[in-house]
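Visitor: Below you will find the structure I want to go over with you.
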Amino acid sequence: MWVLFSNAAGPNTKGCYDPSLYPDLFILVDGEYVPDPDGLLADAVEITEEQHQQHISVRLRIDPETRIASEYVEPDSTLLLGAKSDQRKRITRARNAAISGGVNHAGYDWDTDDVSRGYLTGAVANVNAGIPLSEDFTWTTADDSDVPMDAAGLIALGAAVTRHVNTQHVKSRILKAQIEAVEIPAGGTIDDAVAALELITW
């Protein structure tokens with residue numbers, strides 16, 4: 001059994017094709033199966049079973065000049081893009097955690113998770129629409145204490161939470177701009193750039 005490798009990787013083959021399993025991709029020439037020159041495997045080359053097993057764990061690519069299949073090494077530019085993407089995701093997770101981490105206002109700690117912010121936004125909207133609060137209206141703190149609240153106090157709390165959320169977004173944008181500015185230094189390596197990225201933390 002022999003396997004051909006093609007840069008045109010299929011969804012299940014990772015670029016490796018056995019003629020006995022994919023006969024439609026081959027034609028018979030002088031008693032031997034060869035890749036159909038007009039088909040998907042026009043650029044295919046024969047690889048050994050050992051290379052096939054290697055390809056299961058690493059990526060192989062065909063050199064367009066030598067027509068030899070060898071281990072594919074991601075260019076540093078691609079690795080840097082991936083490292084930046086990973087670091088941006090870490091910043092986003094940290095930002096979201098900070099947004100939901102609560103805020104101190106008027107001497108109390110208040111919840112700022114998505115649900116709590118939604119309730120507060122709705123309550124403030126009602127006040128702004130002229131719907132009066134009951135005389136015994138309260139708002140619950142992060143430690144489940146009920147604090148008496150009038151319309152002005154509720155609006156002020158809403159504004160404090162909005163400032164809190166915006167502060168986290170501003171910080172996130174600054175850090176992500178720093179991430180985008182990281183490049184592989186002259187005379188340096190991708191490892192130097194990755195190390196610089198890892199210094200950009202929340």
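Rule-based calculations on the coordinates, nothing more; no lab input. What you are looking at is a predicted structure, and each value in this text was computed from that prediction instead of being measured. All Cβ positions, even for glycine, are placed from backbone atoms using ideal geometry, and neighbour counts span all protein chains on display.
Visitor: Counting only the backbone N, which residues of region 105-133 are under 14 Å from the spot 7 Å out from the Cα of residue 143 toward its beta-carbon?
Guide: Residues 105, 107-111 qualify, since their backbone N sits under 14 Å from the label point.
Visitor: Give the calculated FRET efficiency between residue 104 and residue 170 to the nearest 0.05, with a Förster radius of 25 Å applied to their Cβ-Cβ distance.
Guide: E between residue 104 and residue 170, to the nearest 0.05, is 0.85.
Visitor: Label residue 201 and residue 27 with points 7 Å out from Cα along Cα→Cβ: what is the distance between them in nm?
Guide: Going from the residue 201 label point to the residue 27 one covers 6.1 nm.
Visitor: Tell me, what is the Rg over Rh of region 76-198, with Rh the Kirkwood radius over Cα pairs?
Guide: Using Cα coordinates only, the ratio equals 1.21.
Visitor: Can I ask one more? Order of 176, 89 from fewest to most other C-beta atoms within 10 Å? Intermediate results must be reported in sequence, preceding the final value.
Guide: Values: 176 17, 89 10.
Least to most surrounded, the residues fall as 89, 176.
Visitor: Still on this structure, I have one more. By how many nm would the segment from residue 113 to residue 81 grow when fully extended, if each residue of separation counts as 0.36 nm and the alpha-carbon distance is taken off? List each step's numbers first, then the result.
Guide: Values: separation 32, 0.36 × 32 = 11.52 nm, distance 3.14 nm.
Fully extending the segment from residue 113 to residue 81 adds 8.4 nm.
Visitor: Something else: For a quick check: sort 154, 41 by the number of other beta carbons within 10 angstrom, fewest at the front.
Guide: Lowest count first: 154, 41.
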